[in-house]
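The values are calculated or read from the model by the stated rules, or taken from the named source; none is laboratory data. Keep in mind it's a predicted model, so treat the numbers as computed, not measured. When we count neighbours, we look across all protein chains shown, and the Cβ atoms used for this are built from the backbone with ideal geometry, even at glycine.
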Amino acid sequence: MLESSRFRERAVSALLLGAVVPCVYASVQSFGWDAFQWSGVLGIVSTFGSPTFLGSYLVVVLPFALYRLTATGRDILAGDGRAAQVRYVAYLTLSLLMVGVLLRIAIVDR
């Protein structure tokens with residue numbers, strides 16, 4: 001199924017795009033703002049309903065973000081230009097956001 005390089009890259013892009021909303025929502029929840037009243041749930045749950053599920057998802061997705069970050073860094077060193085720099089900043093931001101949410105779940109919600 002993942003024989004094609006193009007298909008693999010599209011699958012990684014979909015995976016990373018799917019992580020944006022839960023990460024942003026978890027960040028908003030960490031500041032105490034939440035549009036929904038979660039019953040019986042403590043901590044940052046994002047769209048998953050449980051800090052454990054959110055953390056597990058992010059642990060699986062984070063290596064793909066780091067893969068894209070390093071691949072884009074290689075593109076910049078090869079001289080691919082401004083578009084590669086913008087992608088690098090986006091992947092770096094997403095990776096740091098994931099790590100921040102994971103740390104927030106692991107340290108503060110205990």
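For the range 29-48, the tally of residues that are more than 17 Å from the chain's Cα centre (by Cα) and either farther than 14 Å from G100 by Cα or modelled with pLDDT under 80 (or both) stands at 12.
Filtered by the rule that a residue be surrounded by 12 or more Cβ atoms within 10 Å (Cβ to Cβ) and either in a loop (DSSP other than H, G, I, E, B) or not hydrophobic (A, V, I, L, M, F, W, C) (or both), the range 75-99 gives D75, D80, Q85, R87, Y88, Y91, T93, S95.
Among the residues of the range 54-70, is there at least one that is farther than 15 Å from V12 by Cα, crowded, with 16+ Cβ neighbours inside 10 Å, free of Cβ contacts under 8 Å to residues at least 40 places away in the same chain and not charged (D, E, K, R)? No: the range 54-70 contains no residue that is farther than 15 Å from V12 by Cα, crowded, with 16+ Cβ neighbours inside 10 Å, free of Cβ contacts under 8 Å to residues at least 40 places away in the same chain and not charged (D, E, K, R). For the range 9-22, a tally of residues being of a type in the set (D, E, K, R) and under 20 Å from Y57 (Cβ atoms) returns 1. Restricted to the range 1-14, and to residues there that are among the hydroxyl-bearing types (S, T, Y) and part of a helix (DSSP H, G or I), the residue that is surrounded by the fewest Cβ atoms within 10 Å (Cβ to Cβ) is S5. Of the listed requirements (1) surrounded by 12 or more Cβ atoms within 10 Å (Cβ to Cβ); (2) small (G, A, S); (3) more than 15 Å from I105 (Cβ to Cβ), A35 misses just one: (1).
Only residues that are farther than 21 Å from L69 by Cα and small (G, A, S): list them for the range 1-26, please.
Listed by number, the list holds a single entry, A26.
Do we find a residue being surrounded by 10 or more Cβ atoms within 10 Å (Cβ to Cβ), in a loop (DSSP other than H, G, I, E, B) and of a type outside the set (A, V, I, L, M, F, W, C) anywhere in the range 15-28? No; the residues of the range 15-28 include none that is surrounded by 10 or more Cβ atoms within 10 Å (Cβ to Cβ), in a loop (DSSP other than H, G, I, E, B) and of a type outside the set (A, V, I, L, M, F, W, C).
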